[in-house]
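The values are calculated or read from the model by the stated rules, or taken from the named source; none is laboratory data. For clarity, every value in this text was computed on a predicted model and none was experimentally measured. Backbone-built Cβ (ideal geometry, glycine too); neighbour counts: all protein chains shown. In case anyone asks, the SASA skips ligands and DNA or RNA and just uses the protein heavy atoms, side chains included. Shrake-Rupley method; radii C 1.70, N 1.55, O 1.52, S 1.80 Å.
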Amino acid sequence: MQRKFDNSVELCDYVARMADDVLLAFSLGKDAVGAWLQLRRHFKRIHPYFCWLVPDLSFENQSIRYFEEFFQTPITRVPHPACYRMLNERVFQAPENWRKIEEARLDTPSFDDVSQSIIAEKQLPPNTFTGSGVRSADSIMRRTSTLVHGSLNPTRKTFMPIFDWTADDLCREFREAKVRLPVDYEMFGRSFDGIDVRFLEPIKERFPDDYARIL
């Protein structure tokens, strides 16, 4: 039977009673930062990981260093599952690359695969949960999904530590913690999440070296 939680504090307390460690899927976005602020009240050790679409982009590296210093915690960097998917689907690939990609036989991992690989690498307990910055108030679809599926998935060992936070809650927490958003929000109004024109045009204008690296 699906367990219901009245609020995110109750949820975090419940998960923290099962383990001292927790993984955090850290996208550099505002909700992920909010989730980190919440998790540090409940867990002894937080293990954040960042999934890159393109490795070593300078504007992302700058943000990662800032959050590592702010939270005094290293952030593991791993390829995003979408990176494998885009390669396998030949997204923006020249024809001469197609054979190399096919010969590589790249599997497309899931986010659960990513979490499990980090748990194994860090030799964390197998019951370690992964938190993500998903808020019900972010969209109608997310609210519906939370109502239907809940904020905790014990099978996948995932949970939503700020599922009940509003935009006002985020703003208050950011002010109190004196933490700032990454440069992504100046360029895109959100965290970097693709290689279409919405993201590439601002990157080309502000970080031309990163644009060249993406190409």
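Screening Arg206, Arg135 for residues that are surrounded by fewer than 17 Cβ atoms within 10 Å (Cβ to Cβ) and not acidic (Asp, Glu) leaves exactly one candidate, Arg206. Taking the criterion of being assigned to a loop (DSSP other than H, G, I, E, B), surrounded by fewer than 20 Cβ atoms within 10 Å (Cβ to Cβ) and of a type in the set (Gly, Ala, Ser), the only residue of the range 23-70 that qualifies is Gly29.
Table: residues versus (1) within 21 Å of Asp31 (Cα to Cα); (2) touching an Asp or Glu at 6+ places or on another chain (Cβ under 7 Å); (3) not β-branched (Val, Ile, Thr).
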| residue | (1), (2), (3) |
| --- | --- |
| Asn61 | yes, no, yes |
| Pro109 | no, no, yes |
| Leu124 | no, yes, yes |
| His149 | yes, no, yes |
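Selection of the range 199-210 for residues being within 16 Å of Glu60 (Cβ to Cβ) and either in a helix (DSSP H, G or I) or touching a Pro at 6+ places or on another chain (Cβ under 8 Å) (or both) yields Phe199, Leu200, Pro202, Ile203, Lys204, Arg206, Pro208, Asp209, Asp210. For beta carbons closer than 7 Å, sequence separation of 6+ or different chains, a first residue in the range 164-178 that is on the phi < 0 side of the Ramachandran plot and of a type in the set (Asp, Glu) and a second that is modelled with pLDDT of 95 or more and surrounded by 15 or more Cβ atoms within 10 Å (Cβ to Cβ), the qualifying pairs are Asp164/Ser8; Glu173/Gly34; Glu173/Leu37.
Residues are listed down the side, and each one gets a yes or a no for (1) under 15 Å from the mean Cα position of the chain (by Cα); (2) under 21 Å from Asp196 (Cα atoms); (3) modelled with pLDDT of 95 or more:
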{"position": "Leu57", "(1), (2), (3)": "no, yes, yes"}
{"position": "Arg65", "(1), (2), (3)": "no, no, yes"}
{"position": "Glu69", "(1), (2), (3)": "no, no, yes"}
{"position": "Pro79", "(1), (2), (3)": "yes, yes, yes"}
{"position": "Ala82", "(1), (2), (3)": "yes, yes, yes"}
{"position": "Phe92", "(1), (2), (3)": "no, yes, no"}
{"position": "Arg105", "(1), (2), (3)": "no, no, no"}
{"position": "Asp112", "(1), (2), (3)": "yes, no, yes"}
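Candidates Arg213, Arg175, Arg142: the one that is under 20 Å from Leu28 (Cβ atoms), open to solvent by less than 90 Å² (accessible area, probe 1.4 Å), among the basic types (Lys, Arg) and assigned to a helix (DSSP H, G or I) is Arg142.
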